[in-house]
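Following: one structure in structure tokens, then a few remarks.
The values are calculated or read from the model by the stated rules, or taken from the named source; none is laboratory data. Since we're looking at a predicted model, the values are computed, not measured. As a convention, Cβ positions derive from the backbone with ideal geometry for all residues, glycine included, and neighbour counts pool all protein chains shown. For the accessible areas, the whole protein counts, side chains as well, though only heavy atoms, and no ligand, DNA or RNA atoms are used. Shrake-Rupley method; radii C 1.70, N 1.55, O 1.52, S 1.80 Å.
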There are 2 protein chains.
Amino acid sequence: MRRMSAGEPRNNRIQRAVVQLILDRGLGPGAPLPTEAELMEDLGVSRNSVREALKALQALDIVEIRHGYGTYVGQASLTPLVDGLTFRTLTRHADDPGALAEILQVREVLEEGLIRRVATTVTEAELDRLEAVVTRMELAGRAGRPFPELDHQFHELLYVSLGNALVPQLLGAFWTVFRRVAGARGWTADPAPDVTVRRHRDIVTALRARDAAGAQQAMAVHFRGIEARAVRGSWGVG
Amino acid sequence: MRRMSAGEPRNNRIQRAVVQLILDRGLGPGAPLPTEAELMEDLGVSRNSVREALKALQALDIVEIRHGYGTYVGQASLTPLVDGLTFRTLTRHADDPGALAEILQVREVLEEGLIRRVATTVTEAELDRLEAVVTRMELAGRAGRPFPELDHQFHELLYVSLGNALVPQLLGAFWTVFRRVAGARGWTADPAPDVTVRRHRDIVTALRARDAAGAQQAMAVHFRGIEARAVRGSWGVG
DNA sequence: CGCAGGACGTAGGACGTCGTATCTCCTCAC
DNA sequence: GTGAGGAGATACGACGTCCTACGTCCTGCG
């Protein structure tokens, strides 16, 4: 933790002022902010300074800038986390699987813990939708097409019953980082689609039986598969 | 996921170019970057554009700007996540405990899952250090002083044996967000220090016995306490 | 009445200038 | 010879102004 949003430098002051403005006025995502001209007048700074501050806030997805239209309150998504983690993983240990393994472990712990809770909250309708996704995976697999998007969708759908908006975003962020780094490393192999399909189906089956321990176990097995793939990929054996 | 690091706009192009430069040259945290003047020449853009791009990357802790000295590769910490989550929590549901509860649930799931693994990896030396922290908590509690920093330290120390650098940073981020939002809400109450101390000690005791299930249970109890505190605080009953 | 084109507002980008912080290295006193 | 202090170089911080690109909305023509 360095400074940020607690800084004495001029520019950070502007950032905090904009954030404070949003908070004070109770603005929600998508609400319009004052124009750059208004901000430079209200804060008594130049337009360049305003723009630099807005750019920084844009990088944090706290504001959204639309060219020729205006500045708006952002979605405060986890995009910054994705960018930061991707960079971090790519830059540290350039060809060491360790950095990716760390992300994978966090995902694993999260999903294994969450799936237990899901077993008691998931609805039959959601299970049907999950089943449908798995079926589509199966079709894609038989057609020889990879299905990263379906995989993502599955894991996102899995946790809606928790009513926790942060969970799918966080998992989505880790998923995206993993995918991006894997892509940058070249090993895009999505091997053995039938195995992947089966493991996803096992999870749905356990959930349908309201078997928390079984679901957790199925999820653990699923992650063993991903881990094996990652390690193999980094070693260039696959 | 919006755009960011995949954009066609001029400025994002500059950001990506800087990141690419770091990646290509294999620069690590603390390594010096070209000066703004060099960047504006290499990329064929104005200094303002360079500065806006660097400001954005600074917000992501991908670069670090030192006034009068130069620009350096940043630590790629989770500071952006802290800022983003704090903003998100403060802006959405302004006086609803739900947003904080989401963060708490993620922390809970993470720590409960991690503590099981720790039970098999933690060393005696680490347990001694944890014990020492708890003792200091006890002393602070008896003196009537709150000990948020010791609490943080305890949870950070807990997971070093996993060898996963991401875990403590992630938990630290959630912890900081929680604390900051709680502070902004006014309910700084840290009630019943003796109970908190006992719960921490229970965790250490279970770990010392290599009792994974017991440690997880102790952690769960610990979080029940935090949750109760949070809800009470937001209702203004405490 | 409908739609195409232009006026207007707003952000994107560039250039030049001055201010300020930090480091380096030289000088001078001891 | 050594170390403290200051001059200068280097690099970021901030400002003002201009022009361009983009979107919206209104107006006027068909």
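A compact table of results
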| read-out | value |
| --- | --- |
| Candidate set from segment A:48-82 (those that are free of Cβ contacts under 8 Å to residues at least 12 places away in the same chain and within 7 Å of chain B (Cβ to nearest Cβ)); member that is farthest from B:ASP83 (Cα to Cα) | A:ASN48 |
| Qualifying residue in segment A:90-101 (condition: among the aliphatic types (A, V, I, L, M) and either at pLDDT 95 or above or within 15 Å of DNA strand D (Cβ to nearest atom) (or both)) | no |
| Subset of segment A:40-96 [more than 15 Å from DNA strand C (Cβ to nearest atom) and basic (Lys, Arg)] | A:ARG88, A:ARG92 |
| Yes/no for A:ALA132 being open to solvent by 10 Å² or more (accessible area, probe 1.4 Å) and farther than 17 Å from A:LEU157 by Cβ | no |
| Conditions (1) open to solvent by 10 Å² or more (accessible area, probe 1.4 Å); (2) over 18 Å from A:ALA220 (Cβ atoms); number of the one not met by A:ARG117 | (2) |
| Hits in segment A:38-65 (condition: open to solvent by less than 60 Å² (accessible area, probe 1.4 Å), within 10 Å of DNA strand D (Cβ to nearest atom) and not in a loop (DSSP other than H, G, I, E, B)) | A:LEU43, A:SER49, A:VAL50, A:GLU52, A:ALA53 |
| Scan of segment A:92-101 for residues that are open to solvent by 30 Å² or more (accessible area, probe 1.4 Å) and within 9 Å of chain B (Cβ to nearest Cβ), ordered by number | A:ARG92, A:ALA94, A:ALA101 |
